[in-house]
Amino acid sequence: MSEQPESYEAAVERLEQIIDRLDSGQAGLRETLELCREGRELVTYCVTELDAVGEGLKELQLDELAAKLETTPTES
Amino acid sequence: MRRRARVSLFGEVTSLSRSKAQAYFELRDAEGAVPCAIWLNDLEKLELPEQGLRDGAEVVIGGGPDYYPGNGQASPSFFFRATHIRLAGEGDLLARLEALREQLRAEGLFELQKQLARPRLPKAIGVVTAESGAARRDLLAGLRRRGWAGTVIWAFAPVQDRRAAPAIAGAIQELAATPAVEAIVVARGGGSLADLWAFCDETLCRTVAMLRVPVISAVGHERDSTLIDDVAAVACSTPTHAAEAVVPLDCHAARSALTRSAASLRRAGEGTVGSRSRHLVALARGPARALRRERIALNQKTREIRASSERGLAERRAFQRRLAAVVLSRAARRAAGAEANNRREALRRAEVAFRAHEPEHTLERGYALAEDVAGEPVTSAAAAIAAGRVRLRFADGGVGAEIDRDGSEG
């Protein structure tokens, strides 16, 4: 991917812009192909982001997390 | 000192203890505490409900300053001698709440959290709530309904006593300090304003307001209005609503939308390339088609020209034939006169010449022609000797003659 989107919402916003532009029919061939490429990358990014929060809810407890961090030796 | 004016104080009872004659406690608010004591006799006369005076109770006390001179074992001390205590009512709490609310609003603390960007799809969220309670269950159910299955970091804390506010504030701060946490939910079920009083704590609310991580409050029910609702980024009436606020994106709907977007992109890409390909193919066929058209036109022209030229040739030939005939006839006609004259002259000359050579004419001039018996001319002496006899033809007739071999010369 040429440039990682700043966030999921930024990716979706850009994706909507791209689809609006393509739907307008005003994009030339080179621009269309470039937009399609960028759009596909954004879709892939968004799916990856969704997958990251779709593979099973993980529950942690702050106390345990803090205890774990405290026992982890500090990197020197 | 005991004659000083009586005043009313408002606060939360803490460190309650009893001796044989008195009850001791501290009356605490956000700014500090006052040591208090009440004679048990006075307390009994007040007929407070059972366990009315307890740690964490919000009370209004009446009384004035007092002094204990101490004794051999105990140190002297100043304290507030309560002669009257009543449990704080909603009115008292609301009055305090409104004053505090106005103060925080005036400081601009209500806006800080609302200006923070909230991620639509956080990967990890922090939740402060009671370990056992419907809020925890409802929040999880709400998150699952949105199709969200990221990481929840629980920070369990008491949500209803005087320890609650500092514990909640501490938990929120710790969660905010955890890098993965992108948003924090503070959740508690409904209750009276006194039950929810911890969520109106000034220190807690100031802590929330100053955080750089968005906090979603879901404290009490819809009609309950706590101060944390005012300072939080979003205030929700139920934990279910909090789930929607902390994960604004409905993951199920988002997946469907992405599928549609991907299809749109595919259509756009294929459509554009397809239409342009067809156009290119049409363009590529253009020259061949034009050539074919030109060739057909050319062939047609060629046929026309050939037909035309054949027609023209035939006409020309016919014309030439006619012309030649005319020319010839004219020439013949022209030539006919001169030719006849010429021919007549030539004939005349030929006649003259012929006549000049005619043997008879020569004979007329006196010559004689020797002929053999067959009538063939004898033109030499040898032929005459050989013939032996010849016939001499004169202009006026012929006579026979014998050749005298002896009289021959040569």
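The values are calculated or read from the model by the stated rules, or taken from the named source; none is laboratory data. This is a predicted model, so every value here is computed, not measured. Don't worry about glycine lacking a Cβ; one is built from the backbone with ideal geometry, like all the others, and counts go over all protein chains shown.
Points to keep in mind about this one:
- Helices (runs of 4 or more DSSP H) (entirely within the stretch B:133-224) containing at least 3 residues that are under 24 Å from A:Glu59 (Cα atoms) and small (Gly, Ala, Ser): B:134-145, B:164-177
- Of all residues in the stretch B:261-292 being more than 9 Å from chain A (Cβ to nearest Cβ) and among the basic types (Lys, Arg), the one that is nearest to A:Arg37 (Cα to Cα): B:Arg278
- If the condition is being of a type in the set (A, V, I, L, M), in contact with a helix residue (DSSP H, G or I) (Cβ under 9 Å, 6 or more places away or on another chain), part of a helix (DSSP H, G or I) and more than 24 Å from B:Leu140 (Cβ to Cβ), then the stretch A:10-66 contributes A:Ala11, A:Val12, A:Leu15, A:Ile18, A:Ile19, A:Leu22, A:Leu29, A:Leu33, A:Leu35, A:Leu42, A:Val43, A:Val47.
- Single unsatisfied condition, B:Ala74 versus (1) surrounded by fewer than 15 Cβ atoms within 10 Å (Cβ to Cβ); (2) modelled with pLDDT of 85 or more; (3) closer than 17 Å to B:Ala21 by Cα; (4) not polar (S, T, N, Q): (2)
- So B:Arg349, is it basic (Lys, Arg), modelled with pLDDT under 85 and part of a helix (DSSP H, G or I): yes
- Under the condition of being closer than 25 Å to B:Leu193 by Cβ and outside any helix (DSSP H, G or I), the residues counted in the stretch B:81-104 number 7.
- Among the residues of the stretch B:106-132, those that are assigned to a loop (DSSP other than H, G, I, E, B), facing another protein chain (nearest Cβ under 10 Å) and not small (Gly, Ala, Ser) comprise B:Arg118, B:Pro119, B:Arg120, B:Leu121, B:Pro122, B:Lys123, B:Glu131.
- Number of positions in the stretch B:83-128 that are free of Cβ contacts under 8 Å to residues at least 24 places away in the same chain and closer than 23 Å to B:Gly56 by Cβ: 5
- When B:His221 is tested against (1) touching a residue at least 40 places away in the same chain (Cβ under 8 Å); (2) touching a Ser or Thr at 6+ places or on another chain (Cβ under 7 Å); (3) surrounded by fewer than 21 Cβ atoms within 10 Å (Cβ to Cβ), only condition (1) is not met.
- Residue in the stretch A:21-33 that is over 27 Å from B:Glu270 (Cα atoms) and in contact with a Ser or Thr (Cβ under 8 Å, 6 or more places away or on another chain) present: no
Yes/no per residue for (1) facing another protein chain (nearest Cβ under 7 Å); (2) surrounded by fewer than 17 Cβ atoms within 10 Å (Cβ to Cβ); (3) without any contact (Cβ under 8 Å) to a residue 60 or more places away in the chain; (4) polar (S, T, N, Q):
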{"site": "A:Tyr8", "(1), (2), (3), (4)": "yes, no, yes, no"}
{"site": "A:Ala11", "(1), (2), (3), (4)": "no, no, yes, no"}
{"site": "A:Asp20", "(1), (2), (3), (4)": "no, yes, yes, no"}
{"site": "A:Gln26", "(1), (2), (3), (4)": "no, yes, yes, yes"}
{"site": "A:Arg37", "(1), (2), (3), (4)": "no, yes, yes, no"}
{"site": "A:Val47", "(1), (2), (3), (4)": "yes, yes, yes, no"}
{"site": "A:Gly56", "(1), (2), (3), (4)": "yes, yes, yes, no"}
{"site": "A:Leu65", "(1), (2), (3), (4)": "yes, no, yes, no"}
{"site": "A:Glu70", "(1), (2), (3), (4)": "no, yes, yes, no"}
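- For the stretch B:169-182, the condition of being in contact with an Asp or Glu (Cβ under 9 Å, 6 or more places away or on another chain), touching a residue at least 24 places away in the same chain (Cβ under 8 Å) and within 14 Å of chain A (Cβ to nearest Cβ) holds for at least one residue.
- The stretch B:224-242, subset more than 17 Å from B:Ala117 (Cα to Cα) and hydrophobic (A, V, I, L, M, F, W, C), residue surrounded by the fewest Cβ atoms within 10 Å (Cβ to Cβ): B:Cys236
- Some residue of the stretch B:111-120 being more than 15 Å from B:Ile184 (Cα to Cα) and touching a strand residue (DSSP E or B) at 6+ places or on another chain (Cβ under 9 Å): no
- Residue selection: B:Val231 fails the criterion of being at pLDDT 80 or above, facing chain A (nearest Cβ under 10 Å) and touching a Phe, Trp or Tyr at 6+ places or on another chain (Cβ under 7 Å).
- The set of residues in the stretch B:383-408 being in a strand (DSSP E or B) and of a type in the set (Gly, Ala, Ser) consists of B:Gly397, B:Gly398, B:Gly400, B:Ala401.
- Restricting attention to the stretch B:202-218, the residues that are touching a Pro at 6+ places or on another chain (Cβ under 9 Å) and surrounded by fewer than 22 Cβ atoms within 10 Å (Cβ to Cβ) add up to 1.
- Residue check, B:Arg267 closer than 30 Å to B:Lys114 by Cα, of a type outside the set (Val, Ile, Thr), assigned to a helix (DSSP H, G or I) and under 23 Å from the mean Cα position of the chain (by Cα): no
- If you go through the stretch B:243-274 and keep only what is surrounded by fewer than 17 Cβ atoms within 10 Å (Cβ to Cβ) and of a type in the set (Val, Ile, Thr), you end up with B:Thr259, B:Val273.
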